Amino acid sequence: MENSGNKPFTILHMNELFIGLMSGTSLDGMDAVLVSFGDSPQDIKMMGHSYVAYEDTLKKSLLGLHLPYTNELEDSLIAGNIVSQKAYQAIETLLKKTGTSSKDIKAIGFHGQTIRHQPQKGFTLQIGNPALLAELCHINVIADFRSRDIAAGGQGAPLVPAFHKEIFSHPTIHRAIVNIGGIANITILNPETSTSGFDSGPGNILLDHWSQKHLHKAFDEDGSWAREGQLIQTLLDAFFNDTYFEKNAPKSTGRDHFNEAWLNKHLQKSYSIQDIQRTLLELTALSISNAIKTHNANISEIYLCGGGALNSFLVERLKSLMPQVKIQLTDTLGLSTQHVEAAAFAWLAKQTLFSKPGNLPQVTGAKGLRILGALYPT
């Protein structure tokens with residue numbers, strides 16, 4: 001990769017330790033991973049992980065901040081401080097579990113909590129207070145990874161394809177990495193062409209909402225509730241009338257678009273709640289399958305990560321829709337499904353700290369390679 005900044009590259013001393021933090025669209029909590037980077041791009045080792053759940057009051061506050069209201073500015077700053085406190089708890093737990101000193105950590109990659117993503121308006125907002133986190137941890141903190149890409153004309157998302165390319169690429173095998181978080185994103189790793197990637201549409205976001213609303217559960221474990229329902233074809237067709245599915249990459253989306261209001265406008269008729277859950281699961285599976293077939297039909301392997309990778313019924317549907325493709329979890333490649341995204345932000349922190357670009361312009365649509373993130377030194 002070429003350096004897009006003015007500073008010369010700093011040579012990385014191998015086996016450096018970084019922490020990656022991630023709290024995604026599902027708003028369930030904070031994941032922290034300790035990662036060691038070695039001599040080669042694929043020489044990456046997960047040293048440990050921790051997780052701190054969000055209380056319902058914090059979840060409610062974060063969910064509310066996705067829409068405008070009076071005093072949202074103050075509320076967002078207060079919530080950002082709480083998110084930073086959760087990050088600190090996750091880091092402290094991680095360091096204790098692994099017997100690691102904070103002095104041994106080069107930097108923390110702090111994604112923050114996305115509450116608005118509007119690249120078409122020139123902004124994205126991940127709340128969190130990296131200055132506070134640096135004070136609490138006494139470790140370098142790197143945050144605000146998406147803004148520079150957007151300033152350069154990009155979508156600011158997805159950013160994980162650059163990491164996927166680094167650690168999951170194969171010299172001869174045509175692969176796709178599918179991250180099924182709140183939103184699903186796809187990375188196409190074609191050894192004969194440049195890496196591509198984009199958000200395919202909703203992952204768990206609508207499934208989790210429907211489960212929380214009607215089962216009072218955070219998610220539909222293994223898709224067991226959806227499995228009991230019947231597919232409503234007319235409703236599924238209505239979902240796919242959304243113009244997002246017709247857009248060409250680069251493209252990204254989030255809770256700003258696929259949310260409760262989006263779902264409710266389609267539910268004008270009386271449907272069984274189980275049948276709606278079944279249809280929402282098909283929406284996720286089919287949007288992923290369609291996107292892969294449309295953008296690159298010759299993929300021979302797909303590796304899944306994110307919370308949706310643990311939904312056995314969703315995985316069954318993906319395998320049924322793409323029977324010619326070998327579908328496995330990223331665990332097979334040496335990185336746990338639940339920790340890929342947090343590890344990606346550890347990697348992005350490494351890129352930033354050593355003045356290397358973290359985006360892929362062909363994925364985000366940015367004008368070129370950019371060094372992402374802002375450093376809050378200890």
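What aspartates and glutamates could a cross-link reach from Lys326, if we take a straight Cα to Cα line under 16 Å and drop same-chain neighbours fewer than 8 places away?
Glu301, Glu316
Per residue and in cubic angstrom, what volume does the convex hull of the Cα atoms of the stretch 54-123 have? Spell out each step's value before the answer.
Numbers: hull volume 7.8 nm³, N = 70.
Residue-normalised Cα hull volume stands at 112 Å³.
Among the lysines, which have Cα under 18 Å from the Cα of Lys265 when same-chain residues fewer than 8 positions away are ignored?
Lys213
State the Cα centre-to-centre distance between the stretch 274-301 and the stretch 15-56 in whole Å.
For the stretch 274-301 versus the stretch 15-56, the Cα centre distance is 28 Å.
Per the 1.4 Å probe, what fraction of the accessible area of the stretch 127-259, in percent, lies on carbon and sulfur atoms?
Numbers: 2370 of 5120 Å².
Taking all protein chains in place, the stretch 127-259 shows 46 percent carbon and sulfur surface.
So who's got an amide H within less than 5 Å of the one on Met47, skipping anything under 5 residues away but keeping other chains? H placed 1.01 Å off N, in plane.
The list, which skips near neighbours in sequence, is Leu34, Val35, Ser36.
Listed highest first by mean packing, meaning other Cβ atoms within 10 Å per residue, what order do 223-233, 71-81, 137-147 come in? Spell out each step's value before the answer.
Working: 223-233: 17.0, 71-81: 14.5, 137-147: 22.5.
In decreasing order of mean packing, 223-233, 71-81, 137-147 become 137-147, 223-233, 71-81.
Just to check I understand the Karplus step: with θ = phi - 60° and J = 6.51 cos²θ - 1.76 cosθ + 1.60, what whole-Hz values come out for the stretch 270-275, glycine and proline as x?
Residue by residue, the stretch 270-275 yields 8, 10, 5, 5, 5, 5 Hz.
What is the packing order of peptides 237-243, 192-198, 93-99, 29-35, taking the mean over residues of other C-beta atoms within 10 Å and listing the highest first?
Values: 237-243: 13.7, 192-198: 17.7, 93-99: 15.4, 29-35: 25.7.
The packing order, highest mean first, is 29-35, 192-198, 93-99, 237-243.
Calculate one ³J(HN,Hα) per residue across the stretch 118-129 by plugging θ = phi - 60° into the Karplus curve 6.51 cos²θ - 1.76 cosθ + 1.60, and present them in order as whole Hz with x for glycine and proline.
10, x, 5, 9, x, 8, 9, 9, 10, 7, x, 10
How much of the accessible area of the stretch 264-378, probe 1.4 Å, is carbon plus sulfur, in whole percent? Kindly include the intermediate steps, with their values, before the conclusion.
Numbers: 2110 of 4340 Å².
Roughly 49 percent, rounded to a whole number.
So which residue, out of Lys269, Lys103, Lys356, gets the largest mean-square fluctuation from a GNM of the chain using Cα contacts under 10 Å as springs?
Lys269
Taking K and R as +1 and D and E as -1, what net charge do the other residues with C-beta under 11 Å from the C-beta of Ile299 add up to? Mind showing how you got there, number by number?
Numbers: positive: Arg175, Lys293, Lys326; negative: Glu301.
Here the count lands on +2.
Return the sequence-ordered ³J(HN,Hα) values of the stretch 318-329 in whole Hz as given by the Karplus equation 6.51 cos²θ - 1.76 cosθ + 1.60 applied to θ = phi - 60°, using x for Gly and Pro.
Per-residue couplings from phi come out as 4, 5, 5, 6, 10, x, 7, 10, 6, 10, 9, 8 Hz.
Mind listing the long-range amide H neighbours of Leu329? Cut-off is under 5 Å, sequence gap 5 or more, other chains count too, H placed in the peptide plane at 1.01 Å from N.
Leu304
Taking amide H positions as placed in the peptide plane 1.01 Å from N, state which residues far from Val141 in sequence (5 or more) or on other chains have amide H under 5 Å from it.
Ile108, Tyr376, Thr378
Which entries in the list Lys96/Lys356; Lys269/Lys293; Lys121/Lys251; Lys45/Lys106; Lys106/Lys165 go over 20 Å, if you measure between the two C-alpha atoms of each?
On the way: Lys96/Lys356 30 Å; Lys269/Lys293 32 Å; Lys121/Lys251 14 Å; Lys45/Lys106 15 Å; Lys106/Lys165 23 Å.
Violating the 20 Å limit, Cα to Cα: Lys96/Lys356; Lys269/Lys293; Lys106/Lys165.
With unit charges on the beta carbon (Lys/Arg positive, Asp/Glu negative), name the residue among Ile127, Thr187, Ile139 whose Cα is farthest towards the positive pole of the charge dipole of the stretch 120-190.
It is Thr187, whose Cα lies furthest towards the positive end.
Let's test the formula: R0 of 41 Å, r as the Cβ-Cβ distance of Ala374 and Asn264. What FRET efficiency results, to the nearest 0.05? Don't skip to the end; give the middle numbers.
Numbers: r = 38 Å, r/R0 = 0.92.
Once rounded, the FRET efficiency stands at 0.65.
The values are calculated or read from the model by the stated rules, or taken from the named source; none is laboratory data. This is a predicted model, so every value here is computed, not measured. Note: ideal-geometry Cβ built from the backbone for every residue, glycine included; neighbour counts use all protein chains shown. The area values use the complete protein model at the heavy-atom level, side chains included, leaving out ligands, DNA and RNA. Shrake-Rupley method; radii C 1.70, N 1.55, O 1.52, S 1.80 Å.
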